[in-house]
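Each reported figure results from applying straightforward, stated rules to the coordinates on display, with no laboratory input. Since we're looking at a predicted model, the values are computed, not measured. Positions of Cβ are backbone-derived with ideal geometry, glycine not excepted, and every protein chain shown enters the neighbour counts.
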């Protein structure tokens with residue numbers, strides 16, 4: 001999604017339920033864009049969503065100036081719950097990318113977008129012993145698939161954003177997300 005030497009602007013929504021760390025993931029993605037010297041804005045939902053309802057973090061990343069700070073038509077939608085998928089997929093561009101955690105998202109709506117389905121939560125529990133870093137693993141997958149920011153800047157942003165006792169766990173989750181994306185790309189090349 002980041003064209004070489006071309007003007008670009010990408011709108012992203014990271015969505016799920018309150019407590020899944022998607023606002024943190026949005027902040028980390030925005031920090032990575034700043035490290036890459038891109039123009040960025042990040043907004044998020046607050047309120048009753050923080051107690052289990054659909055929550056979201058929106059990020060706009062561009063290599064040129066933009067004047068409206070709110071994401072309205074998404075190039076990329078990451079969704080970790082069925083409720084969030086159903087609520088936000090209507091604003092995904094037809095040529096966009098939908099990344100869904102099929103641990104929770106059991107019914108992908110018909111969309112013209114490119115769809116990636118992985119059981120991110122199940123993988124986190126199996127490989128890392130906890131679902132907590134699912135947000136970081138799925139963010140790593142998103143970045144590897146789209147190249148929206150550099151992997152190096154994302155690693156730096158994660159290290160600078162999580163508590164020191166959780167850095168190792170989150171770095172493992174990030175590497176796992178990168179590997180899932182790499183394996184996906186290799187499998188597509190074989191076909």
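Could you pull the Cα extents of the stretch 150-191 along its three principal axes, largest to smallest, in whole Å?
Per principal axis, max minus min of the Cα coordinates gives 42, 18, 8 Å.
Based on DSSP H runs of at least 4 residues, each adding -39500 (n - 2.57), what is the mean residue ellipticity at 222 nm of the chain after dividing by all its residues, to the nearest 500 deg cm²/dmol? All intermediate terms of the calculation are to be shown ahead of the outcome.
Values: 6 runs with 78 residues, N = 191.
It comes out at -13000 deg cm²/dmol, rounded to the nearest 500.
How do 128, 22 rank when sorted from fewest to most other Cβ atoms within 10 Å of their own Cβ?
Working: 128 18, 22 29.
Sorted ascending by nearby Cβ count, the order is 128, 22.
Over the chain, what is the relative contact order in whole percent, taking alpha-carbon pairs under 8 Å and six or more residues apart? List each step's numbers first, then the result.
Values: 376 pairs, mean separation 40.2, N = 191.
Taking the mean separation of contacting Cα pairs over the length of the chain, I get 21 percent.
Sorted by average packing, counted as other Cβ atoms within 10 angstrom per residue and highest first, what order do 129-138, 33-42, 103-112 take? Could you put the intermediate results ahead of the total?
Values: 129-138: 23.0, 33-42: 18.1, 103-112: 14.5.
Going by the mean number of other Cβ atoms within 10 Å, highest first, we get 129-138, 33-42, 103-112.
In the chain, what % of DSSP beta bridges are antiparallel (nearest 5)?
Details: 15 of 29 bridges.
Once the DSSP bridges in the chain are tallied, antiparallel ones form about 50 percent.
Given the peptides 171-179, 86-94, arrange them by the average over their residues of other C-beta atoms within 10 Å, most packed first. Can you show the working numbers first?
On the way: 171-179: 20.3, 86-94: 15.7.
Those peptides, ordered most packed to least, come out 171-179, 86-94.
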